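Each reported figure results from applying straightforward, stated rules to the coordinates on display, with no laboratory input. In this text the structure is predicted, and so the values were computed from the model without any measurement. Cβ coordinates were reconstructed from backbone atoms using ideal geometry, including for glycine residues, and neighbour counts include every protein chain displayed.
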Amino acid sequence: MSPRTKRIRDEETSSAEVESLTYEAALTELEALVARLEAGAPLDEALQLYERGQALAAHCGRLLERAELRLRELTPGAEDTDNA
Amino acid sequence: MFTLPLPLAPETWSITELNRYVRQALETDIRLQDVRVRGEISGFKAYPSGHWYFTLKDGGAQIACVLWKQRAARQRYQPRDGDQVEAVGRVTLYEQRGQYQFDVAVIEPIGQGALFADFARLKAQLEAEGLFNPARKRPLPADPRRIAIVTSSSGAALQDMLNILKRRNPLASVLLLPTPVQGEEAVPGIVSGLERLLTLASGPIDERPDVIIVARGGGSLEDLWAFNAERVARAIDALRRTPVPVVSGVGHETDFTIADFVADVRAPTPSAAAELCSPITLDDRRRQIDDLSLQLADLFASQLQMGRHRLEQARVSLRAASPFGQLALARARLREQEARLYATVPHQLSLARGRLAGDLATLEAFSPLGVLERGYAIVRRPDGHVITQTTEVSPDLPLRIRVRDGEFDAKTL
């Protein structure tokens, strides 16, 4: 496998991974990443942090726009059926 | 008018006939069909069927009362033994038992003295027990995501709360514990909801709600009465054993219930409770993401700028460290030395010249030739010895005499 294909594969898996993150997880990582950049990262790492950060921010934005309040009802009779 | 045959003695009636006759006699008396009575409630019983049975009495008499299910469900007032009430209804007879009774249409408390007395007594008692202690009240979470709501599933209050949460915090999930919020079933329903939440709130963190809302829309004092029940107060207080705080949102701004006093936070209305439970709005979150995204770009840009700067510095250092650089430096140094040299030599020469002139002048001043100018002469022997005393001469000694403009020979006598 050439280095170029390998890099493309890595990017694909990492973007798929970002898609699967919850809002909370993505936001927490984004904040950590900004802190890391703030502390001063080597340039090649900074580029990676920047790219991942942009992907995380975009993902958070999409989750916000798509979010819908979830409603679950725990009726008096139904003991623990929600957990089943 | 009568549908039964006239009671003509000595005709024998069945009990059924008699009771029906009496009942119809009562029911055809207009004055008994719209009566307002005043009395005290005793033996109050709400049956699972929804009908209410009780007795109204005063100091000297009593009457059995019934309030049928359809009307009972519409009652805003929940009667309790000992309450002084006024009831409107009609007098009738329960044929099977031959019991004369009052069929109540509307029942109202006389004043609300009794209710207020109960309220004040319970409030004082719970306060003395420390249930309202501000030190025991917990703050609401900064960003609740799992919100449990104990309220009626059919009430406008729930829709108001859901609308606010949808708009402000759609990332949240709501766990509804439906319960009647007025009438006979309200207190047990609310307590049962709170008890289920006590179990969840004491359980593993992934099933634990972040916050609990106990709510009901506006209504009369009687409508809100369930939220003044001691059992509800104690069920709310029991949740203090868990990390999950409770917000109350009962009625309007001006309504204060016992539940409000016990809850960690009292919201003036159900909508306000929903707002307190969504402190970070969707717009706040959008802004937060935008800020972070911008910060990220800025930081990366400045990191890049810093990288460029370092590269530039390295280039400069490299040039300085290169042999070419040193050579140029050496050349420059050499040129400078040369320049200084050339600047120095003529200077020293002129300095020397000046000194020489000075020396010559001094020399001139001390020269005997100067004395000759003034008319003196120098006498010397032929061997050059200068005669300075008489003993140095003898007769016929040839002498050379020097004057200002030259020399001539002479001889002693």
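Oblate is the label for segment B:69-167, because a/c, from the alpha-carbon gyration tensor with a ≥ b ≥ c as root eigenvalues, is 1.5 or above and a/b does not exceed b/c. For a straight C-alpha distance cut-off of 30 angstrom, the lysines reachable from B:Lys69 (same-chain residues fewer than eight places away being disregarded) are B:Lys45, B:Lys57.
Pair-distance distribution P(r) for segment B:167-246, from all Cα-Cα distances in 10 Å bins starting at 0: 18, 47, 29, 7 percent.
Mean sequence separation of contacting Cα pairs (under 8 Å, at least six apart), scaled by the length of chain B, corresponds to a relative contact order of 10 percent. Bridging of B:Lys166 to aspartates and glutamates at a Cα separation below 14 Å is possible for A:Glu65, A:Glu68, B:Glu275, B:Asp283, once same-chain residues fewer than 8 apart are set aside. GNM remark for chain B: springs join alpha carbons under 10 Å apart, and the peak mean-square fluctuation among B:Glu11, B:Glu86, B:Glu207 falls on B:Glu11.
May I ask you to compute the full-extension gain from B:Ile110 to B:Gln326, defined as 0.36 nm times their residue separation minus their alpha-carbon distance, rounded to one decimal in nm? Mind dumping the intermediate values first?
On the way: separation 216, 0.36 × 216 = 77.76 nm, distance 11.00 nm.
Net length gain for the segment: 66.8 nm.
Placing +1 on each Lys and Arg Cβ and -1 on each Asp and Glu Cβ, with no other charges, gives chain B a dipole about its Cα centre of roughly 1780 debye. With contacts taken as Cα pairs under 8 Å at a separation of at least 6 residues, segment B:332-413 carries a relative contact order of 20 percent. Here the translational diffusion coefficient of segment B:1-97 follows from Stokes-Einstein with Rh set to the Kirkwood radius across Cα pairs; for 25 °C and 0.890 mPa s it amounts to 159 µm²/s.
Computed over neighbours whose Cβ is under 15 Å from that of B:Asp255, the net charge equals 0, Lys and Arg +1, Asp and Glu -1. In this rough spin-label picture, where each label sits 7 Å from Cα along the Cβ direction, the B:Ser192-B:Thr390 distance is 16.9 nm. With 0.36 nm allotted per residue and the present C-alpha distance subtracted, the B:Glu312-B:Arg145 stretch has 55.1 nm of extension available. Mind checking which aspartates and glutamates have their C-alpha under 13 Å from B:Lys411, skipping anything on the same chain fewer than 8 residues away? Within reach: B:Asp396. Once both labels are positioned 7 Å from their Cα atoms along Cα-to-Cβ, the gap between B:Ser153 and B:Arg121 label points is 3.7 nm.
Looking at chain B from every direction and averaging, what is the projected area of its Cα convex hull in nm²? Let's see the in-between values first.
Working: hull surface 228.5 nm².
Value for chain B: 57.1 nm².
Counting only other residues whose beta carbon sits under 14 Å from that of B:Glu185, what net charge do I get with K and R as +1, D and E as -1?
Details: positive: B:Lys69, B:Arg216, B:Arg231; negative: B:Glu184, B:Asp223.
Summing Lys/Arg as +1 and Asp/Glu as -1 gives +1.
Across peptide A:31-39, the average count of Cβ atoms from other chains found within 10 Å of a residue's Cβ is 3.
Listed peptides B:47-53, A:55-61, A:20-26, B:78-84 appear in the order A:55-61, B:78-84, A:20-26, B:47-53 once ranked by packing, highest mean of other Cβ atoms within 10 Å at the front.
Just so you know, the Rg over Rh for the protein assembly as shown is 1.72, from Cα atoms, with Rh as the Kirkwood radius. From least to most packed, judged by other beta carbons within 10 angstrom and beginning with the fewest, B:Asp260, B:Asp405 follow the order B:Asp405, B:Asp260.
The residue list B:Ser302, B:Leu221, B:Ile107 was ranked by how far each Cα lies along the charge dipole of the protein assembly as shown toward its positive end, using unit charges on Cβ atoms, and B:Ser302 comes out on top.
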